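Only one structure is covered here, and it is reproduced in the block below.
The values are calculated or read from the model by the stated rules, or taken from the named source; none is laboratory data. Since this is a predicted model, take the numbers as computed values, not measurements. Here Cβ is always computed from backbone atoms with ideal geometry, including for glycine, and neighbour counts include all displayed protein chains. Only protein heavy atoms, including side chains, enter the accessible area calculation; ligands, DNA and RNA are left aside. Shrake-Rupley method; radii C 1.70, N 1.55, O 1.52, S 1.80 Å.
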Amino acid sequence: MPRSSLEEAIAAAYTAWTPHRSEPWRFSVLVSEAARRGYIAAIGQRRGTSDEVLAAAPVLIVAWLSLESGNSSPDAGSARGEREMLVLSGGAA
């Protein structure tokens, strides 16, 4: 897969909505077979399954969320709302 295509896909993800323009997403691009197999094994152990579809992919883009990107809220209710917005924005990306 061309690197430019991967970069374009990740750039598109960064246009997703985010609270306070915090861009809490991070992306890991797994190109080597060893990296892909290691990731697939780790998620398989966690879920108790194997994933043959992922194993066949030539590249994996793993999206993850940095909760440290959110604004600090003074009270627990606001902090919970901030966290939920960050999680939702990860789905949008």
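Just to be sure before I move on: is Ser73 modelled with pLDDT under 85 and surrounded by 13 or more Cβ atoms within 10 Å (Cβ to Cβ) in the structure I sent?
Working: modelled with pLDDT under 85: yes; surrounded by 13 or more Cβ atoms within 10 Å (Cβ to Cβ): yes.
Yes, satisfied.
Take the residues of the stretch 48-62 that are among the aliphatic types (A, V, I, L, M) and open to solvent by 70 Å² or more (accessible area, probe 1.4 Å): which is modelled with the highest pLDDT?
Here is the first cut: in the stretch 48-62, the residues among the aliphatic types (A, V, I, L, M) are 53-57, 59-62.
With the extra rule that they be open to solvent by 70 Å² or more (accessible area, probe 1.4 Å), the set shrinks to 53, 56, 61.
Working: Val53: 82, Ala56: 88, Ile61: 93.
Restricting to residues being among the aliphatic types (A, V, I, L, M) and open to solvent by 70 Å² or more (accessible area, probe 1.4 Å), the top hit is Ile61.
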I'm told Met1 meets every condition in (1) part of a helix (DSSP H, G or I); (2) over 13 Å from the mean Cα position of the chain (by Cα) except one. Can you identify the failing condition by its number? (1)
When the stretch 31-47 is examined, which residues are found to be at pLDDT below 80 and either part of a loop (DSSP other than H, G, I, E, B) or not charged (D, E, K, R) (or both)? Gln45
Pairs returned, first residue in the stretch 21-37 that is under 17 Å from Ala57 (Cα atoms), second residue that is among the basic types (Lys, Arg), beta-carbon separation under 6 angstrom, 6 or more apart or interchain, are Leu30/Arg36
